[in-house]
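These notes concern the structure reproduced below.
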Amino acid sequence: MSTPENPPLLNVDGLRVRFDTRRGPVLAVNGVSLEIGADEVLAVVGESGSGKTLTGLSVLGLEPPGAAVTGHAWFRGEDLRALPAGRLRSIRGGQISMVFQDPMTSLNPSLTVGRQVGEVVRLAERLSREAVRDRVTDLFGQVRMPSPERFLGAYPHQLSGGMRQRVMIAMAIARRPALLIADEPTTALDPTIAAQILDLLASLRASMRMSVLLITHNLALVRGMADRVIVMYAGHVLEEAPTARLFEAPAHPYTEGLLASVPRAGASRLTSRLTPIPGQVPLLREAPDSCVFGPRCPHVRDECRVAQPPLEGGAHSAACVLRRLPEARKAGGQA
Amino acid sequence: MSDNILEITGLRKAFRVPRSSGGGVVRAVSGIDLTIAKGEIVGLVGESGSGKTTVGRCILRLLAPDGGRIVLDGTDITRLTQRKLRPLRPKMHMVFQDAHSALNPHMTVGGIVAAPLRAQRTMPGREVPAAVDNVLAKVGLDPALRDRRPHELSGGQRQRVGLARSLAVRPRLLVADEPTSALDVSVQAAILNQIADTQREFGFSCLFISHDLAVVEYLCDRIAVMYQGEIVESGTREQIFRAPEHPYTRSLLAASTFSP
């Protein structure tokens, strides 16, 4: 958490993203605010359609064409949403870098990975060819590629998914960023490889004192890596909490539902049923006049049908009217 | 006749690699044994490229095995011609990972689910619509959705249609290849409940192919772990989760409870 003496590294304020489609507007992100402190890992968790990826992209001005974005993204005293393109480009890949889910589509298939990482190195400083090569070899070592020199001349298609993601991470850390935005960095990988990549990210962020915005649908991954968690749904932040608190005492019914729908260790179909969340994520076409989760919420009541509740409660906050009515919630849970 | 719906011994399958990709041969499955008892759900886990999907496709004879034996409900189907296989088809069915590409976009939900019933001619044509509505209801879909097309459905609904199509012919064996890995967790839970419920009601056996250990532990009675084309360990879910023996099984379990 940030304090007045220690301002947040990134402060996203009232971010909104709207698409105007032939079938009318779609409100994909609806007033998301978040802060990441120095040396902090913040996870943004949500299911598909929650707006989590678009939030990460919009912070860096990488939203897809046709997206109408409003709001601010303050980073070290500058509003990334209001910067001239040239200045934003120099921050992107420099002080802030990004790792995506699918390294194959992020890498150029016709250049060797050594050359692609070398390009990023040369953006930062003028170096001789040998110095670039040494620096890339060093980076490949940092991302724990076995025998780094061997991979300098490899093309992306010659590498496994895990190796490609290591190349992406090497590129992302090449200019020692203060903030890394990692969007589903391990979703496309096998579990054993995913664990290695997460372990690598965790140790890099500790050694480089880098902040990480981890965007994911995977709650287990959040538990192992994040300091704080933001839960998104239908473009809204529904809950924000220190990681341990979120798992011990989820405050929003949606978070409860997410946690309950994952099979517990030791549970069997023969002895227990899973608890799915009924219905599906809505596509918002206009500002909601009731809680966005209301239609799927087991505790829904009249108070929920007035407006989307604001996020309240300080360090552990939730956007739910039932927070003020804990006794009502118990009763509602029986219904 | 034994109590096993499926008995696989020494199954082998290799693929030729095109010369443009370096040539040679990939041994996808190199001699595996696997049995599935009646009414049992067996999990097949392993990383991508371990051969688990190839095993599923060989069982369905969507691929021709190179060697070994596949015995389905007492009949050796390893070398049967497609024509001789046809009467056995209702006994086994497959549910795919990506329901979007597994469903014909031009057909209605009702047409998709009716297709195997009509192909098998197990019932008079006039009884098919009622059977379709019945199985749609069984997988938790409103029968009114029968006139919709796949693109009008959510991911979870599409996967239910895939399940309904497979269950329509009341198969003895269901091969489910990563049926929930493309779904959000809240929807995944509903599909897993649905598989558990319909299994209880219809009593089919199931080979459940997955890389998600939490899901496999919940759904399966026994688990086989595949690594580089071989089954390196198999046992009851208690054995695999409480006392894994093979180093690869241990590393899989460690990875699924990651904390740096």
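The values are calculated or read from the model by the stated rules, or taken from the named source; none is laboratory data. Because the structure is a prediction, the values reported are computed rather than measured. Positions of Cβ are backbone-derived with ideal geometry, glycine not excepted, and every protein chain shown enters the neighbour counts.
Residues being away from every other protein chain (no Cβ under 14 Å) and in contact with a Lys or Arg (Cβ under 8 Å, 6 or more places away or on another chain): count how many of those fall in the range B:37-47.
Of the residues in the range B:37-47, 2 are away from every other protein chain (no Cβ under 14 Å) and in contact with a Lys or Arg (Cβ under 8 Å, 6 or more places away or on another chain).
Assess whether A:LEU111 counts as being crowded, with 17+ Cβ neighbours inside 10 Å and under 28 Å from A:ALA174 (Cβ atoms).
In short, no.
Let's see how each residue does on (1) under 19 Å from the mean Cα position of the chain (by Cα); (2) in a loop (DSSP other than H, G, I, E, B); (3) β-branched (Val, Ile, Thr):
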residue: A:PRO65; (1), (2), (3): no, yes, no
residue: A:PRO109; (1), (2), (3): no, yes, no
residue: A:VAL120; (1), (2), (3): no, no, yes
residue: A:GLU130; (1), (2), (3): no, no, no
residue: A:ARG135; (1), (2), (3): no, no, no
residue: A:PHE140; (1), (2), (3): no, no, no
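Give just the number: which of (1) over 14 Å from A:SER50 (Cβ atoms); (2) in contact with a Pro (Cβ under 8 Å, 6 or more places away or on another chain); (3) more than 12 Å from chain B (Cβ to nearest Cβ); (4) not aromatic (Phe, Trp, Tyr) does A:LEU259 not satisfy?
Every listed condition holds for A:LEU259 apart from (3).
Filter the range B:34-53 down to the residues that are among the β-branched types (Val, Ile, Thr) and either touching a helix residue (DSSP H, G or I) at 6+ places or on another chain (Cβ under 7 Å) or modelled with pLDDT under 95 (or both), then identify the one that is surrounded by the most Cβ atoms within 10 Å (Cβ to Cβ).
B:VAL45
Residue-wise test of (1) assigned to a strand (DSSP E or B); (2) buried (at least 22 other Cβ atoms within 10 Å of the Cβ); (3) touching an Asp or Glu at 6+ places or on another chain (Cβ under 8 Å).
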| site | (1), (2), (3) |
| --- | --- |
| A:ILE230 | yes, yes, yes |
| A:GLU239 | yes, yes, no |
| A:ALA244 | no, no, no |
| A:TYR254 | no, yes, yes |
| A:LEU259 | no, no, no |
| A:PRO263 | no, yes, yes |
| A:ALA267 | no, no, yes |
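Taking the range B:207-259, which residues are polar (S, T, N, Q), in a loop (DSSP other than H, G, I, E, B) and within 8 Å of another protein chain (Cβ to nearest Cβ)?
Answer for the range B:207-259, where residues must be polar (S, T, N, Q), in a loop (DSSP other than H, G, I, E, B) and within 8 Å of another protein chain (Cβ to nearest Cβ): B:THR257, B:SER259.
Here are A:VAL17, A:VAL41, A:VAL29, A:VAL59: which of them is closer than 30 Å to A:SER203 by Cα, surrounded by 21 or more Cβ atoms within 10 Å (Cβ to Cβ) and either without any contact (Cβ under 8 Å) to a residue 12 or more places away in the chain or away from every other protein chain (no Cβ under 14 Å) (or both)?
On inspection, the qualifying residue turns out to be A:VAL59.
Among what's in the range A:190-227 and is in contact with a Lys or Arg (Cβ under 9 Å, 6 or more places away or on another chain) and away from chain B (no Cβ under 11 Å), pick the residue that is surrounded by the most Cβ atoms within 10 Å (Cβ to Cβ).
Across the range A:190-227, the extreme among qualifying residues is A:ILE215.
In the range A:194-238, what count of residues is obtained for those that are out of contact with any helix residue (DSSP H, G or I) (no Cβ under 8 Å at 6 or more places or on another chain) and either of a type outside the set (Gly, Ala, Ser) or within 26 Å of A:PRO146 (Cα to Cα) (or both)?
10
If only one of B:ALA224, B:ALA190, B:ALA182, B:ALA255 is touching a Gly at 6+ places or on another chain (Cβ under 8 Å) and farther than 30 Å from B:SER154 by Cα, which one is it?
Of B:ALA224, B:ALA190, B:ALA182, B:ALA255, the one residue that is touching a Gly at 6+ places or on another chain (Cβ under 8 Å) and farther than 30 Å from B:SER154 by Cα is B:ALA224.
Quick one: which of A:ARG245, A:ARG228, A:ARG223, A:ARG209 is of a type in the set (Lys, Arg) and in contact with a His (Cβ under 7 Å, 6 or more places away or on another chain)?
When all the criteria are applied, what remains is A:ARG245.
Spot the failing condition for A:GLY314; the list is (1) away from chain B (no Cβ under 13 Å); (2) out of contact with any helix residue (DSSP H, G or I) (no Cβ under 6 Å at 6 or more places or on another chain); (3) modelled with pLDDT of 90 or more, and only one is missed.
With respect to (1) away from chain B (no Cβ under 13 Å); (2) out of contact with any helix residue (DSSP H, G or I) (no Cβ under 6 Å at 6 or more places or on another chain); (3) modelled with pLDDT of 90 or more, A:GLY314 is out only on (3).
Select from the range B:74-98 the residues that are surrounded by 17 or more Cβ atoms within 10 Å (Cβ to Cβ) and over 26 Å from B:GLY229 (Cβ atoms) and list them in ascending order.
B:PRO90, B:LYS91
Out of the residues in the range A:33-50 that are of a type outside the set (Gly, Ala, Ser), within 18 Å of A:PRO177 (Cβ to Cβ) and not in a strand (DSSP E or B), state the one that is nearest to the chain's Cα centre (by Cα).
A:GLU40
Would you confirm whether or not the range B:76-85 contains a residue that is over 20 Å from the mean Cα position of the chain (by Cα), at pLDDT 90 or above and among the hydrophobic types (A, V, I, L, M, F, W, C)?
Yes, because at least one residue in the range B:76-85 is over 20 Å from the mean Cα position of the chain (by Cα), at pLDDT 90 or above and among the hydrophobic types (A, V, I, L, M, F, W, C).
Any residue at all in the range A:280-294 that's within 9 Å of chain B (Cβ to nearest Cβ), assigned to a loop (DSSP other than H, G, I, E, B), at pLDDT below 95 and touching a Phe, Trp or Tyr at 6+ places or on another chain (Cβ under 8 Å)?
Scanning the range A:280-294 turns up at least one residue that is within 9 Å of chain B (Cβ to nearest Cβ), assigned to a loop (DSSP other than H, G, I, E, B), at pLDDT below 95 and touching a Phe, Trp or Tyr at 6+ places or on another chain (Cβ under 8 Å).
Any idea how many residues of the range A:271-287 are in contact with a strand residue (DSSP E or B) (Cβ under 9 Å, 6 or more places away or on another chain) and free of Cβ contacts under 8 Å to residues at least 24 places away in the same chain?
0
Name, by its number, the condition in (1) outside any helix (DSSP H, G or I); (2) crowded, with 24+ Cβ neighbours inside 10 Å; (3) within 14 Å of chain A (Cβ to nearest Cβ); (4) not aromatic (Phe, Trp, Tyr) that does not hold for B:SER181.
(2)
Among (1) touching a helix residue (DSSP H, G or I) at 6+ places or on another chain (Cβ under 8 Å); (2) over 23 Å from B:ARG237 (Cβ atoms), there is one condition B:VAL71 misses while meeting the rest; what is its number?
Of the numbered conditions (1) touching a helix residue (DSSP H, G or I) at 6+ places or on another chain (Cβ under 8 Å); (2) over 23 Å from B:ARG237 (Cβ atoms), the odd one out for B:VAL71 is (1).
Are any of the residues in the range A:169-181 within 13 Å of chain B (Cβ to nearest Cβ) and either in a loop (DSSP other than H, G, I, E, B) or farther than 30 Å from A:GLN308 by Cα (or both)?
Checked against the condition, which is being within 13 Å of chain B (Cβ to nearest Cβ) and either in a loop (DSSP other than H, G, I, E, B) or farther than 30 Å from A:GLN308 by Cα (or both), the range A:169-181 yields no hits at all.
Could you please let me know if B:ARG57 is part of a helix (DSSP H, G or I) and more than 19 Å from the chain's Cα centre (by Cα)?
Taking the combined requirement at face value, the residue does not satisfy it.
Table: residues versus (1) hydrophobic (A, V, I, L, M, F, W, C); (2) more than 10 Å from every other protein chain (Cβ to nearest Cβ); (3) out of contact with any Leu (no Cβ under 7 Å at 6 or more places or on another chain).
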position	(1), (2), (3)
B:PRO143	no, yes, no
B:ARG146	no, yes, no
B:ARG170	no, yes, yes
B:ALA196	yes, no, no
B:SER205	no, yes, no
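For A:ALA172, are the conditions met, namely being within 26 Å of the chain's Cα centre (by Cα), buried (at least 23 other Cβ atoms within 10 Å of the Cβ) and under 30 Å from B:SER181 (Cα atoms)?
Here the answer is yes, as A:ALA172 does meet what is asked.
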